1. Can you run down the residue pairs with Cβ atoms below 7 Å, 6 or more apart or on separate chains, where the first is in segment 1-21 and farther than 21 Å from residue 247 by Cα and the partner is surrounded by fewer than 14 Cβ atoms within 10 Å (Cβ to Cβ) and of a type in the set (Lys, Arg)?
2. Out of (1) at pLDDT below 95; (2) out of contact with any helix residue (DSSP H, G or I) (no Cβ under 7 Å at 6 or more places or on another chain); (3) in a helix (DSSP H, G or I), the odd one out for residue 74 is which?
3. Wholly within segment 173-281, which helices (runs of 4 or more DSSP H) include no fewer than the required count, namely at least 3 residues that are loosely packed, with under 14 Cβ neighbours inside 10 Å?
4. If residue 12 satisfies every condition in (1) closer than 30 Å to residue 225 by Cβ; (2) among the charged types (D, E, K, R); (3) modelled with pLDDT of 90 or more but one, which is the exception?
5. List every residue pair whose Cβ atoms lie under 8 Å apart, where the two residues are 6 or more positions apart in sequence or sit on different chains, the first residue falls within segment 180-204 and is within 18 Å of residue 154 (Cα to Cα), and the second residue, located anywhere, is surrounded by 15 or more Cβ atoms within 10 Å (Cβ to Cβ) and among the acidic types (Asp, Glu).
6. Scan segment 129-155 residue by residue and report those that are hydrophobic (A, V, I, L, M, F, W, C), in a helix (DSSP H, G or I) and out of contact with any strand residue (DSSP E or B) (no Cβ under 8 Å at 6 or more places or on another chain).
7. With respect to residue 168, is the statement that it is among the polar types (S, T, N, Q), in contact with a helix residue (DSSP H, G or I) (Cβ under 8 Å, 6 or more places away or on another chain) and at pLDDT below 95 true?
8. Can we say residue 139 is more than 20 Å from residue 53 (Cβ to Cβ) and not β-branched (Val, Ile, Thr)?
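The values are calculated or read from the model by the stated rules, or taken from the named source; none is laboratory data. The shown structure was predicted, so the numbers you read here are calculated from the model rather than taken from an experiment. Virtual Cβ from ideal backbone geometry, glycine too; neighbours counted across all protein chains shown.
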Amino acid sequence: MKLSLKDFIAWDNKCITLLGMSGVGKTRLAHMLRRRHWFHYSGDYRIGTRYLDEPILDNIKLQAMQIPFLRDLLRTDSIYISNNITVDNLKPVSSFLGKVGDPARGGLGLHEFKRRQELHRQGEISAMRDVPEFIRKARAIYGYRHFVNDAGGSVCELDDPDVLQVLSEHTLILYIKASDQDEHALIRRAEEDPKPLYYREAFLEEQLERYMREHDIPYVALIDPDAFVRWIFRPLFYSRIPRYEAIAAAHGYIVTTSDLSAVQCEADFLRLLERVVASQA
């Protein structure tokens, strides 16, 4: 959604989609805004609770069935397993995504890894298509004045024009670009604490081939899962930047993490948006 400054100021029910890599401050900003009349829509929370709930539970049950004591209790319905996903705790989603590589080190086979990646992709597409309905619910049911869509870092990877069209029609898309200093910090944190991520299939296959060639690894099952995630994060990070920028150029606006660091309240955020809308009109 592209607006004039006058139209933005007059927009009574502001709806913003925050776009960018994990760690740039999307969720911190959304947390701050939800204390000030903003409905916080977490894309990852929606994926986990609506679209991946059953696969996540199936995976947990599969692991539990390997333990004889728990297997007997599950078979007799003596216990049940449920997710405890919250906006602040999305670990079940990342645990389900997993990491490709050696099963002895917690890795997944390539076929199963790709299956889970595709389930996540479809879930993320559906979660973003749900945004207009949640904008309606936020006002009609919960009485929130404004709406912030805390989108996952992989939205730029979906290659689904309909998703971008929906987000552009109903929200102002704001890409939060890491400054040079924050860029290095994000990469360093990701390498220190490798977490499961979504990869486009073509990108994954290309990087897997390159990694195995460079490290002389003949089979995917011999890959150290954490080592691969550390290695792939840097090319993933830089491959996403032009995708984010293309979305912002066509549908939205760009701010930097340096801009965002000065935002301490809703008023600061609205002033930042006004400056951005005026300068990038």
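1. Short answer, once both residue conditions are applied: 13/145.
2. Unmet for residue 74, out of (1) at pLDDT below 95; (2) out of contact with any helix residue (DSSP H, G or I) (no Cβ under 7 Å at 6 or more places or on another chain); (3) in a helix (DSSP H, G or I): (2).
3. Counting at least 3 such residues, we get 180-192, 201-214, 225-251, 266-279.
4. (1)
5. 194/226; 198/124; 198/157; 199/157; 200/157; 203/157
6. 140
7. No, not satisfied.
8. Spelling it out, residue 139 is indeed more than 20 Å from residue 53 (Cβ to Cβ) and not β-branched (Val, Ile, Thr).
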